[in-house]
Structure formats: C-alpha cells, structure tokens
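First comes the structure, then the notes that go with it.
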Amino acid sequence: MIIGILDLQGAVREHRTSLERLGVAVRAVKDVSDLDGLSGIVFPGGESTAMQRLAAGSLRDRLRELAHNGFPMFGTCAGMILLANTVDGKATPHLGGMDIAVARNASGRQVHSFETTLAVKGIGPDVPAVFIRAPYIVRIGPDVDALAEYNETIVMARQGQLLVASFHPELTEDVRIHRMFVDIARQHRHQNEIQQKQEATQL
Ligand code: GLN
C-alpha cells in the first residue's frame, strides 16, 4: 500500500516522517501520473492560495474527481481548505468534495499559533495539536462527522474517506491521527479488492 503526499508546497517532509513511522510506503505527488496505484493521499499544511495555484490543470482535475468519488484523502490546515466545499463564505473553485464551510486564518495571525491537547473521537482525550494560522470549520453538512472541537469550534472532521484537521498532527510525535487515516485507506483498498473479485466472478 502506498500513500501519496501532495508535494507542491508546505509541510511535506513532516507528513512523510509520520507515515513512515507507521511503516507505510510514501510517494511524493507532483504530477498527475504520480497518482497511479496510490491508496490514499495527504494534503499538507502550507499556504492554500499557493497550493491552489500550483495544483492546476490535469493534476487538479484528477484530484477533484477523486475527492468527489470516495478516494481516501487527508487534509491538514491549508490541505483542509483545498477539500472544503465553502471557503470564507464562497463556494470553492478548487477541489472541494467535503460538505464543510471553513473560515481561513480563524485562529489569528502567525503570532497566535499555539499548541494544545484535544479530545478526538475514536482516538482519545489527549491528542496533541499544533495550530498555525488555522482555518476553523464553521459549518458541517449532515454526512459529516465532527471528530474534535476546540473552544466549541469544530477542528477535525470526517466524511466517508475524507479526513480533515485544522491543526498539524505531522508536527508532533503522536501518529494516532495518521494511523486513523491509514486505516481508512486500508479499509477502502480492501473493499475495492472484494468488489473487483465479485465483479470478476460475475463475468
Ligand atoms: N492560513 C493558511 C491558509 O489559508 C493555512 C495555514 C497552515 O496551513 N498552517 O492557507
């Protein structure tokens, strides 16, 4: 199983380290051809406007298609902004796929970056979280599960195979959130294999 990391800008190396600590093979994704054979992809934190400019053309089109078709994707911070259907009150022109509205830079400027611990549904009460000019989730659709809150604001959520966090789990030693995503990808791969076998026997 190989997990990709969108490698255009942002905290790519840190995600690689977290995934490799879980024993997962990782591939940097710079081009649409790098998506072949992946079981999931991570969108790192960074600057969403820069990432949007760089993820263009066929790469963007294919990522959009995957985001809307149940492919496992994990977006942290700026990566979450790429997957949100609504950003700062406007329907996003970018990938979308997740029925959430986000407010950019809601946690304040760079100087207001902070570290805390969060209770994360399905993981535990004590997950370390680093917030850096973080976007907050201001609305979720009916199919979205809120997984963590900070000051009564949703900061982590899941919809099907899409997982997003306002903060940066890749900047801590704690790999439990990455493990949650790897489990989503593994499960999805397994289901695909079963489906393919069923289709093959029906022929
Ligand atoms: N504020 C940044 C943006 O809007 C995200 C910050 C981050 O990823 N740490 O893209």
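The values are calculated or read from the model by the stated rules, or taken from the named source; none is laboratory data. Keep in mind the model is a prediction, meaning the values are calculated, not measured. Neighbour counts run over all protein chains shown; Cβ positions are idealised from the backbone, glycine included.
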**Prompt:** Of all residues in the range 142-158 being β-branched (Val, Ile, Thr) and modelled with pLDDT of 95 or more, which is farthest from residue 120 (Cα to Cα)?
**Reply:** 144
**Message:** Every residue in the range 122-135 that is at pLDDT 95 or above, of a type outside the set (A, V, I, L, M, F, W, C) and within 16 Å of the ligand (Cβ to nearest atom), please.
**Reply:** 128
**Request:** Those residues that are assigned to a helix (DSSP H, G or I) and within 16 Å of residue 121 (Cβ to Cβ), I need them from the range 159-177; list them, please.
**Result:** 169, 176, 177
**Prompt:** Which is touching a Pro at 6+ places or on another chain (Cβ under 8 Å) and either modelled with pLDDT under 95 or over 23 Å from residue 23 (Cα atoms) (or both), of 111, 138, 102?
**Reply:** 102
**Request:** Would you check if residue 119 is more than 24 Å from residue 3 (Cα to Cα), more than 17 Å from the chain's Cα centre (by Cα) and either away from the ligand (no atom under 16 Å from the Cβ) or charged (D, E, K, R) (or both)?
**Result:** yes
**Fill in**
If we take the range 1-94, then strands (runs of 3 or more DSSP E) inside it with 3 or more residues that are within 16 Å of the ligand (Cβ to nearest atom), under 20 Å from residue 157 (Cα atoms) and in contact with a helix residue (DSSP H, G or I) (Cβ under 9 Å, 6 or more places away or on another chain) are 73-76
